[in-house]
Amino acid sequence: MKIKSAFSTNNQTKQAFNEVRSQLDNKAKIVLFFSSTNYDFHKLTSLFHQDFKESEVLGVTTTGEITTEGFKEYSLSAISFSGDDIRAKGILMNDIEKYPIFHREELTSSLKHVGIDPNAHTYKGNELGLVFPNGLIAAEEKMLSVVNSVFKHDGFPLFGGTAGDNAKFVETLVSYNGVTSNKGGLVLFMKSNSDFTIYKENIFQTTQKVMKITRADAESRIVYEINGRKASSEYARLLGVSESSLSNYFMSNPLGRRINDEIFIASPFQVLPSGAIQFYCQVYQDSVVYLLEPKPSIEALKNTLSSVKKEFKEIEGVLAINCILRKLQFEQQNVVNSLNQELKELPNLCGFSSYGEQLNKNQLNQTLVLLSFGQRK
């Protein structure tokens with residue numbers, strides 16, 4: 001496999017495309033592009049499709065881009081995968097908010113095209129699925145559920161991020177081979193001779209404060225009661241802050257769900273007039289969650305990169321998805337430049353800041369997920 005990544009900060013759509021296009025592989029099997037909403041996304045979709053007609057081309061709008069120089073704003077970032085060893089097939093799942101199940105047969109057909117056996121007891125180390133749902137429609141879990149349902153056994157690796165719109169919260173877009181959607185989600189199944197690893201970075205640690213979700217509507221992502229009390233008042237009490245100021249602490253003190261001895265972050269979105277709290281992902285009734293507090297972000301990234309590098313003789317390229325809330329936190333802490341100095345060490349880095357992160361069966365918040373390709377040690 002050969003990987004090339006490129007980015008442009010040119011503010012004109014065609015010029016930015018031309019700058020990026022000139023650095024990607026003409027014979028790419030896969031092209032992924034991540035675009036700020038200051039560009040004409042429909043035009044970009046058409047341009048990429050016209051120039052890479054033999055490729056699987058997936059595009060996503062963002063709320064900040066990730067490039068070979070680290071975090072960027074108002075830019076276009078793209079990555080190409082080429083090589084005779086690559087097999088790949090994507091699909092656009094329309095209307096994931098209502099009817100993702102309608103695409104189950106198409107998912108199965110795509111797996112067959114790539115040569116992935118959905119009935120296998122274990123999955124080969126070179127088989128992978130990428131998922132990119134639209135944001136603002138609270139459909140990530142529905143989409144993930146359908147994608148996972150095509151596999152007879154658990155364990156198939158899925159990696160992805162939710163489309164953003166530069167924090168406007170109006171409309172997000174994804175595209176596949178020239179077709180654009182504001183309600184759909186993208187899936188790409190791929191396999192190659194290259195090894196890959198997925199790493200999840202958590203910049204939070206648990207406190208001693210534990211909560212039980214005693215009344216919730218998981219589908220609408222609303223928690224009504226915590227520990228048998230109104231959600232907002234109990235959350236504020238455990239934090240030791242006033243209920244009226246609670247939302248100011250959501251970014252620095254989200255909740256953690258423990259799954260298989262790992263912490264998966266659930267970030268609150270807003271306090272509703274009733275005192276219920278709406279989240280960026282599903283939180284289930286009767287689940288036990290932990291109040292979290294931040295760890296030093298630069299140290300966490302250094303540890304992450306060290307762990308990733310230890311896995312490989314050589315890294316060919318890295319896809320990165322970073323939550324918008326982490327991005328805002330880094331900006332508040334004034335550590336973006338320091339983090340970028342670390343990120344520059346990753347070859348062919350490409351990705352975006354998202355409205356949610358996907359890892360296997362889970363929708364995550366306030367997380368960095370890295371997908372690294374190369375040769376394992």
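The values are calculated or read from the model by the stated rules, or taken from the named source; none is laboratory data. All of these numbers come straight from a predicted model, not from anything done at the bench. Here Cβ is always computed from backbone atoms with ideal geometry, including for glycine, and neighbour counts include all displayed protein chains. The accessibility values were calculated without ligands, DNA or RNA, using every heavy atom of the protein model including side chains. Shrake-Rupley method; radii C 1.70, N 1.55, O 1.52, S 1.80 Å.
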Legend entry - Matching residues, the range 28-51, being under 15 Å from THR62 (Cβ atoms), among the polar types (S, T, N, Q) and open to solvent by 10 Å² or more (accessible area, probe 1.4 Å): THR37, ASN38
Legend entry - ASP25 surrounded by fewer than 22 Cβ atoms within 10 Å (Cβ to Cβ), without any contact (Cβ under 8 Å) to a residue 40 or more places away in the chain and not in a strand (DSSP E or B): no
Inset, instruction - Output the residues belonging to the range 89-130 that are touching a residue at least 24 places away in the same chain (Cβ under 8 Å), out of contact with any His (no Cβ under 8 Å at 6 or more places or on another chain), open to solvent by 60 Å² or more (accessible area, probe 1.4 Å) and within 18 Å of LEU58 (Cβ to Cβ). - result: HIS113
Inset, instruction - Identify, by number, the condition in (1) surrounded by fewer than 21 Cβ atoms within 10 Å (Cβ to Cβ); (2) closer than 23 Å to GLU140 by Cβ that CYS281 doesn't meet. - result: (1)
Inset, instruction - Could you check, for the range 131-149, whether at least one of its residues is among the β-branched types (Val, Ile, Thr), in a strand (DSSP E or B) and in contact (Cβ under 8 Å) with a residue 60 or more places away in the chain? - result: yes
Inset, instruction - Kindly provide the set of residues from the range 198-215 that are open to solvent by 20 Å² or more (accessible area, probe 1.4 Å) and touching a residue at least 40 places away in the same chain (Cβ under 8 Å), ordered by number. - result: ILE198, TYR199, LYS200, ASN202, GLN205, THR206, THR207, LYS209, VAL210, LYS212, THR214, ARG215
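Rundown of residues vs (1) surrounded by 14 or more Cβ atoms within 10 Å (Cβ to Cβ); (2) assigned to a helix (DSSP H, G or I), yes/no style:
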| position | (1), (2) |
| --- | --- |
| TYR224 | yes, no |
| SER232 | yes, yes |
| VAL241 | yes, no |
| SER244 | no, yes |
| ASN248 | no, yes |
| SER252 | yes, no |
| GLY256 | yes, no |
| ILE263 | yes, no |
| GLY275 | yes, no |
Inset, instruction - Report whether or not SER274 is within 18 Å of LYS327 (Cα to Cα), more than 18 Å from the chain's Cα centre (by Cα) and of a type in the set (S, T, N, Q). - result: no
Inset, instruction - Kindly indicate the residue of the range 144-165 that is farther than 18 Å from MET190 by Cα and crowded, with 21+ Cβ neighbours inside 10 Å and also farthest from the chain's Cα centre (by Cα) among those meeting that condition. - result: ASP165
Inset, instruction - Return yes or no: is PHE204 among the aromatic types (Phe, Trp, Tyr) and under 30 Å from SER46 (Cα atoms)? - result: no
Inset, instruction - Would you be able to tell me the number of residues in the range 328-359 that are within 23 Å of GLU311 (Cβ to Cβ) and in contact with a helix residue (DSSP H, G or I) (Cβ under 8 Å, 6 or more places away or on another chain)? - result: 7
Inset, instruction - Give the residues of the range 63-85 that are open to solvent by less than 10 Å² (accessible area, probe 1.4 Å) and either of a type in the set (Lys, Arg) or in contact with a Ser or Thr (Cβ under 6 Å, 6 or more places away or on another chain) (or both), sorted by residue number. - result: THR63, GLY64, GLU65, THR67, SER75, LEU76, SER77, ILE79
Inset, instruction - Report whether or not SER307 is out of contact with any Ser or Thr (no Cβ under 7 Å at 6 or more places or on another chain), over 21 Å from SER247 (Cα atoms) and of a type in the set (Ser, Thr, Tyr). - result: yes
Legend entry - Within the range 285-360, strands (runs of 3 or more DSSP E) holding 1 or more residues that are open to solvent by 60 Å² or more (accessible area, probe 1.4 Å) and in contact with a Lys or Arg (Cβ under 9 Å, 6 or more places away or on another chain): 288-294, 312-323
Legend entry - Matching residues, the range 345-373, being in contact with a Ser or Thr (Cβ under 7 Å, 6 or more places away or on another chain) and at pLDDT below 95: GLY356, ASN365, GLN366
